[in-house]
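Data first, discussion second: the structure below is written as structure tokens.
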Amino acid sequence: MAYFKLQGVGKSFGVRRVLHEVNLFVEEGEFVTIVGTSGSGKTTLIKIASGLMNPDTGGVFLAGLPVTSFPARAAMVFQNYSLLPWLSAKENVRLAVESAFPQWNRTQQLDQVTKYLEIVGLGAAAGKRPGQLSGGMRQRVAIARAFAVEPALMLLDEPFGALDALTRATLQAELIKLIGQQSPRATVLMISNSVDEAILLSDRVVALGTKLSPAVPVTLAHPRTHKALQHEEEAVKVKARITEFLLAAGTAKSAECQPVEPRILAQVVPE
């Protein structure tokens, strides 16, 4: 039985159907990314997956139990950081640690906070408020907060979408390093608008139209780099399959999705 699953999930807003019969099964310790473009229902899907929104049909299950609110031992990283602006980086992380480990005394909580802020390179900035930090540094705080609660399930909602390309690449590498250091490793579901990012980070990639495409495995060893993936036949095939689904679903017109060039598709998609 899958550790985390969405089964028969459907959602409409008025007469507009956003999701229909969405089925996704994620094994424990697996990293799965759902790729979709603007308006494809990504935000709705991650809200339902996290228990922050109820589906009209179907359900979400974690370790065999229905998810009806945000799960215990879960963490979420948003695109917009979601930090409390009046608190320091240290206190933003400590609030999450206090909620996850109420039995710990303040010293234990602060030790955990310091550990993860130092891991993401923000030990010296622990006392600064979000307004004093760059966008990349704020997202590092959000990532430290997520890992500091030692989550069994991690939900990532386009966590790097608001960052410049260099910062995005740096944090992608740090994220996969942090996940690899966990024991046991967290189960990760990420929403992204980038096929390349999905291939870089994931064990499997799924495309979202109204329904989900069949999952496409990515078996390439970590660490992966964007440059190396440009020349990997498997990466090219995965990108082609996902983009083909998005094109067929009529969602690839969005500026958020970069379709594979026709000459690449011709090489890897059977006639």
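The values are calculated or read from the model by the stated rules, or taken from the named source; none is laboratory data. Here the structure is a predicted model, which is why all the values come from computation and not from measurement. Don't worry about glycine lacking a Cβ; one is built from the backbone with ideal geometry, like all the others, and counts go over all protein chains shown.
So if I check each of Arg241, Arg224, which one is assigned to a helix (DSSP H, G or I) and not hydrophobic (A, V, I, L, M, F, W, C)? Let's see the steps before the verdict.
On the way: Arg224 fails: assigned to a helix (DSSP H, G or I).
Arg241 is the lone residue from the list that is assigned to a helix (DSSP H, G or I) and not hydrophobic (A, V, I, L, M, F, W, C).
Give the residue, chosen from Val149, Val141, Val120, Val93, that is modelled with pLDDT of 90 or more, more than 27 Å from Glu28 (Cβ to Cβ) and within 22 Å of the chain's Cα centre (by Cα).
Val141
Does Asn92 qualify as being closer than 25 Å to Arg138 by Cα and either assigned to a strand (DSSP E or B) or touching a residue at least 24 places away in the same chain (Cβ under 8 Å) (or both)?
Details: closer than 25 Å to Arg138 by Cα: yes; either assigned to a strand (DSSP E or B) or touching a residue at least 24 places away in the same chain (Cβ under 8 Å) (or both): yes.
So Asn92 passes the test.
(1) among the acidic types (Asp, Glu); (2) in a helix (DSSP H, G or I); (3) farther than 26 Å from Val236 by Cβ: which one isn't true of Glu197, the others all being true?
(3)
Does Pro71 meet the test of being at pLDDT below 95, of a type outside the set (Gly, Ala, Ser) and farther than 21 Å from Ile179 by Cα? Give the derivation first.
On the way: at pLDDT below 95: yes; of a type outside the set (Gly, Ala, Ser): yes; farther than 21 Å from Ile179 by Cα: no.
No; evaluated as a whole, the condition is false for this residue.
Any residue that is more than 17 Å from Asn193 (Cα to Cα), surrounded by 18 or more Cβ atoms within 10 Å (Cβ to Cβ) and modelled with pLDDT of 90 or more - is there at least one of those in segment 242-253?
Among the residues of segment 242-253, not one is more than 17 Å from Asn193 (Cα to Cα), surrounded by 18 or more Cβ atoms within 10 Å (Cβ to Cβ) and modelled with pLDDT of 90 or more, which makes the answer no.
Being part of a helix (DSSP H, G or I), surrounded by fewer than 18 Cβ atoms within 10 Å (Cβ to Cβ) and not hydrophobic (A, V, I, L, M, F, W, C) is the filter here, so list the residues in segment 115-129 that pass it.
Lys115, Glu118, Gly123
Any residue in segment 6-27 that is small (Gly, Ala, Ser) sitting within a Cβ distance under 8 Å of a residue that is not in a strand (DSSP E or B)? List the pairs, counting only those 6 or more apart or interchain.
Gly10/Pro55; Gly10/Asp56; Ser12/Asp56
Look through segment 180-220, keep the residues that are closer than 12 Å to Val35 by Cα and of a type in the set (Asp, Glu), and return whichever of them is surrounded by the fewest Cβ atoms within 10 Å (Cβ to Cβ).
Only one residue fits best here, namely Asp196.
If we keep just the residues of segment 44-70 that are in contact with a strand residue (DSSP E or B) (Cβ under 8 Å, 6 or more places away or on another chain) and in a helix (DSSP H, G or I), which is surrounded by the fewest Cβ atoms within 10 Å (Cβ to Cβ)?
Among them, the one singled out is Thr44.
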